[in-house]
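Okay, structure first, notes after.
The values are calculated or read from the model by the stated rules, or taken from the named source; none is laboratory data. Everything numeric here is computed off the predicted structure, so don't read it as measured data. A quick note on method: Cβ atoms are made from the backbone with ideal geometry, for glycine too, and the neighbour counts reach across all protein chains shown. Areas reflect the complete protein model, heavy atoms only, side chains present, ligands, DNA and RNA absent. Shrake-Rupley method; radii C 1.70, N 1.55, O 1.52, S 1.80 Å.
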Amino acid sequence: MTKVITANDTQQNARGEKKVTHERPVVKEPDFQKIENSPGFRELMHKKKKFLISTTALFLGLYLLFNIVISYTNWLDAPFIGDITWVWVFAFSLFAMTWILVTVYMKKAEKFDAMAKATLKEFDYDEEDTK
Amino acid sequence: MNATVISIFIFIVGITLVITYFAAKRTNSASDFYTAGGGLTGWQNGLAIAGDYLSAASFLGIAGAIALFGFDGFLFSIGYLVAYLVVLFIVAEPLRNLGKYTLADMINARFNAKKVRGAAALSSITIVIFYMIAQLVGAGALIQLLFGIDYIWAVLLVGIMMTIYVLFGGMTATSWVQIIKAVLLMVGTVILSFLVLKNFNFNILDMFTQMKTATPHGEAYLSPGVKYKIPLDTISLMLALVLGTAGLPHILMRFFTVKDAKTARSSVMWATWIVGIFYVMTIFLGFGAAAFVGSDLITSTNPAGNMAAPLLAQALGGDILMSFISAVAFATILAVVAGLVLTGASAFAHDIYGQIIKKGQATERQQMLAARYASLGVSAFSILLAIFAQSLNVAFLVSLAFCIAASANLPVILYTIFWKRFNTTGAISAILTGLISALVLVSLSPSVMNPVAGAAIFVGDPIFPLTNPALFSVPLGFIGGWVGTMLSKELDVKKYSEVNVRANTGGFRQL
């Protein structure tokens, strides 16, 4: 889990001599504010937010636009090819958009993972400890 | 009911029982019970998410809606799919990094307050109950039609099966039932789509041309506006669909069955492809049913159009295909209700009993017992409700569940992860404002109060004009959270740093 030091360690430091009392483990909380303010983490959050906010605005915007246009106008009833109208084309582009954004995100997330791992390593966090 | 139907049916039920038997042997702890020990892989969980998501409402409901209303029926497919981007981008990974078994765990990673946990459990239970009644009522009606047995016996049959899966096999059995069902459903849908396309000579352009004259709606069939004529109502419904998925407790729970955020992410990717391909094929099912079965026969068998897919199978593939599709529909219902029972049970046994009453001090044995009693209780209660709710409109119940999920759960999830100033009071007021406004607005809406006798529960003019209140209740949930936060001076910057770091790096997991 988190770094564990034993109670007798602190005793030893205070007195400057070996004085073993109880073997009670004291869990040392990691300094999350320090991690949060580290350049690595800040860069991760900056990149992540930039990506998430812009893509979320894009897909929610297109989705709402589609619903507003089909609800209030007949613009998409014009034919595209044969009897297939633009409304089907727009609907399918929302499908394609979903798959494309999922694929893009999977790639991006690997970079975010690497940045997160580097940050954790910088603060001596060993992933195996959680197991 | 003929011999083919019975044998295919017994075969599928048999497989699921064998799975439950083996899963039961591996279910020894609360973690096994709720999350299958967190040991599912990305593709397994992806299939299970798809299996959980593609309910009878998706399979039978959308196929029927497209058959009867053309493009307007397809709107559901679009909303349900795009919703996965919200799940993937915003919810899946922080949820996995912060939570243990339930949504309340994740919010409590930041607040650790009984009232917040209680409010989150309450909204989860409410959503699960509405969703469950919808599934059971739909199941009862469907099995009544497919196998010719009484509604009450049909509900009892599904109810007993789901209880067995969850009670003995926990999340392992539930997940595998969902995985197998997802595979069967995809196979069935591909076969049906192929047969439909074959009958249109594999010519998509020609298919659209033929559809212009195949239904009573004429050319309008291929355009929006056949069913949804009030613009704000359509937009409100579509908003509930796209935002609701990310707040559905039984979908959120699936992210705890994998080991880390990376696997959670890849399971959403799998689910998005499977669900998306399925929704594309709903067009073929719907068009095929409209062209080769005909809307008269579809509506005379079931006015809501739920029998369109089985009737299409009968028309194109004869009795064997019809039996197979019916059995798949049955498996679909079982998989979804089992997931719902487990989710409801986790809110009762883990959140309310384990964390609030026992303050997290319950032993492993007590937790397992509580989980099993809660599963039994949730099952019995929903079977009872479903028996009395026979006449309720299923589509209305499902869209209500999505609306509550979007209004009560999504705001609190977003604030917990992203807003530093957010606090305990804000969390409680976000959940309660969303939950109450969705419930109140629905009870004043045309779905509950309708001037036409028999169209809704009460006769009278609706006070609130929209059928689905998401357009108002979702913003209200966000405003409720903001006002609640501002009314309280509480601000724990240190705790937010911890949540922020843990949610975004996956490190320092508290197990």
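When segment B:143-158 is filtered for residues that are in contact (Cβ under 8 Å) with a residue 24 or more places away in the chain and either touching an Asp or Glu at 6+ places or on another chain (Cβ under 7 Å) or part of a helix (DSSP H, G or I) (or both), the ones remaining, listed by number, are B:Ile143, B:Leu145, B:Leu146, B:Phe147, B:Tyr151, B:Ile152, B:Val155, B:Leu156, B:Val158. Scanning segment B:489-511 for residues that are more than 9 Å from every other protein chain (Cβ to nearest Cβ) and either open to solvent by less than 20 Å² (accessible area, probe 1.4 Å) or in contact with a Gly (Cβ under 6 Å, 6 or more places away or on another chain) (or both) yields one hit, B:Ala503. In this entry, B:Ala30 passes the filter for residues that are aliphatic (A, V, I, L, M), more than 21 Å from B:Tyr228 (Cβ to Cβ) and open to solvent by less than 20 Å² (accessible area, probe 1.4 Å).
Of everything listed in (1) open to solvent by 30 Å² or more (accessible area, probe 1.4 Å); (2) touching a Phe, Trp or Tyr at 6+ places or on another chain (Cβ under 9 Å); (3) away from chain A (no Cβ under 12 Å), the single unmet condition for B:Leu248 is (1). The residue that is surrounded by the fewest Cβ atoms within 10 Å (Cβ to Cβ), among those in segment B:143-157 that are modelled with pLDDT of 85 or more and closer than 15 Å to B:Leu334 by Cβ, is B:Leu156. Every residue in segment A:74-110 that is charged (D, E, K, R) and without any contact (Cβ under 8 Å) to a residue 40 or more places away in the chain, please. Within segment A:74-110, A:Asp77, A:Asp83, A:Lys107, A:Glu110 meet the criteria. Of the residues that sit in segment B:81-96 and are open to solvent by 10 Å² or more (accessible area, probe 1.4 Å) and in contact with a Gly (Cβ under 9 Å, 6 or more places away or on another chain), which one is nearest to A:Lys49 (Cα to Cα)? So the residue we want is B:Glu93. Scanning segment B:303-326 for any residue that is under 30 Å from B:Lys100 (Cβ atoms) and assigned to a helix (DSSP H, G or I) turns up nothing.
For (1) in contact with a helix residue (DSSP H, G or I) (Cβ under 8 Å, 6 or more places away or on another chain); (2) of a type outside the set (Val, Ile, Thr); (3) assigned to a helix (DSSP H, G or I); (4) open to solvent by 20 Å² or more (accessible area, probe 1.4 Å), each residue gets a yes or a no:
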site	(1), (2), (3), (4)
B:Ala109	yes, yes, yes, no
B:Gly118	yes, yes, yes, yes
B:Ala134	yes, yes, yes, no
B:Ala141	yes, yes, yes, yes
B:Ile160	no, no, yes, yes
B:Ile164	yes, no, yes, yes
B:Ala182	yes, yes, yes, no
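For the structure I just gave you, tell me whether B:Leu205 is open to solvent by 10 Å² or more (accessible area, probe 1.4 Å) and more than 21 Å from the chain's Cα centre (by Cα). Yes; evaluated as a whole, the condition is true for this residue. Note on segment B:251-267: residues that are open to solvent by 30 Å² or more (accessible area, probe 1.4 Å) and either closer than 12 Å to B:Ile127 by Cβ or touching a helix residue (DSSP H, G or I) at 6+ places or on another chain (Cβ under 6 Å) (or both) total 1. Of the residues examined, B:Ile283 is not one that is aliphatic (A, V, I, L, M), within 13 Å of another protein chain (Cβ to nearest Cβ) and either surrounded by fewer than 24 Cβ atoms within 10 Å (Cβ to Cβ) or over 30 Å from B:Ala338 (Cβ atoms) (or both). Restricting B:Phe396, B:Phe402 to residues that are assigned to a helix (DSSP H, G or I), open to solvent by 10 Å² or more (accessible area, probe 1.4 Å) and of a type in the set (A, V, I, L, M, F, W, C) narrows the list to B:Phe396. Taking segment A:77-105 as the range and being over 35 Å from the mean Cα position of the chain (by Cα) and within 8 Å of chain B (Cβ to nearest Cβ) as the test, the residues that pass are A:Asp77, A:Ile81, A:Gly82, A:Asp83, A:Ile84, A:Thr85. Of all residues assigned to segment B:447-469, none qualifies as being in a helix (DSSP H, G or I) and either surrounded by fewer than 23 Cβ atoms within 10 Å (Cβ to Cβ) or at negative phi (or both).
Apart from one condition, B:Pro224 fits all of (1) more than 8 Å from chain A (Cβ to nearest Cβ); (2) not in a helix (DSSP H, G or I); the exception is (1). When each of B:Met211, B:Met253, B:Met238, B:Met186 is tested for being within 19 Å of the chain's Cα centre (by Cα) and within 13 Å of chain A (Cβ to nearest Cβ), the lone residue that passes is B:Met238.
Taking the criterion of being over 27 Å from the mean Cα position of the chain (by Cα) and surrounded by fewer than 16 Cβ atoms within 10 Å (Cβ to Cβ), the residues of segment B:351-381 that qualify are B:Ile357, B:Lys358, B:Lys359, B:Gly360, B:Gln361, B:Thr363, B:Glu364, B:Arg365, B:Gln366. When B:Ala48, B:Ala65 are checked against the criterion of being assigned to a helix (DSSP H, G or I), open to solvent by 10 Å² or more (accessible area, probe 1.4 Å) and more than 14 Å from chain A (Cβ to nearest Cβ), B:Ala65 stands alone in meeting it. All conditions in (1) of a type in the set (Lys, Arg); (2) crowded, with 20+ Cβ neighbours inside 10 Å; (3) not in a helix (DSSP H, G or I) hold for B:Lys420, with the sole exception of (2).
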